[in-house]
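Worksheet: the structure to be examined is printed underneath.
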Amino acid sequence: MANSEYEQLARAAASQGGSTEPSEREREMEEVRQQNLDRFLSKEARSRLQVIKMVKASQARQVEDAILQMVRMGQIRSQVSEKQLLDILEGLRESKAKEEVKIIYNRKGFDESDDEEYDL
């Protein structure tokens, strides 16, 4: 099972228990996650990710998840530079923009023959 699946299971178990503090297992998983990120991020990329985390934590988490997934798939074998991190961030933004739903209203046009039916 992937780390994200473990995290989801741990969160579900914690929410059912009603406890607000993270369990020992959650802390261990988060520690392993941070160790993996530290191993594959350059200093510049790590500091950039920290800035992103301060501004928007959910977006930073998505970037972290994407990096860890790429590591698991073998797409990343060396440290991620700041430029590569920005490219990953841009890719996430583009994929999010594609997911946005656009609502189109198809309105019927005015037809003069409608007036004839009502003798207006």
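The values are calculated or read from the model by the stated rules, or taken from the named source; none is laboratory data. Everything numeric in this text was worked out from a predicted model, so none of it was measured. A quick note on method: Cβ atoms are made from the backbone with ideal geometry, for glycine too, and the neighbour counts reach across all protein chains shown. Side chains included, ligands, DNA and RNA excluded: accessible areas come from the protein's heavy atoms. Shrake-Rupley method; radii C 1.70, N 1.55, O 1.52, S 1.80 Å.
Counting just the residues of segment 56-110 that are over 14 Å from the mean Cα position of the chain (by Cα) and either at positive phi or among the hydroxyl-bearing types (Ser, Thr, Tyr) (or both), which one comes out least open to solvent (accessible area, probe 1.4 Å)?
GLY74
Of the residues in segment 19-46, how many are more than 19 Å from the chain's Cα centre (by Cα), of a type in the set (S, T, N, Q) and surrounded by 12 or more Cβ atoms within 10 Å (Cβ to Cβ)?
Residues that pass the stated criteria total 2.
In the set SER23, SER42, which member is out of contact with any His (no Cβ under 8 Å at 6 or more places or on another chain) and modelled with pLDDT under 90?
Details: SER42 fails: modelled with pLDDT under 90.
The unique qualifying residue is SER23.
Give LYS102, LYS98 a once-over and let me know the one that is part of a loop (DSSP other than H, G, I, E, B) and at pLDDT below 90. Reasoning before the result, please.
Details: LYS98 fails: part of a loop (DSSP other than H, G, I, E, B).
Criteria check complete, one pass: LYS102.
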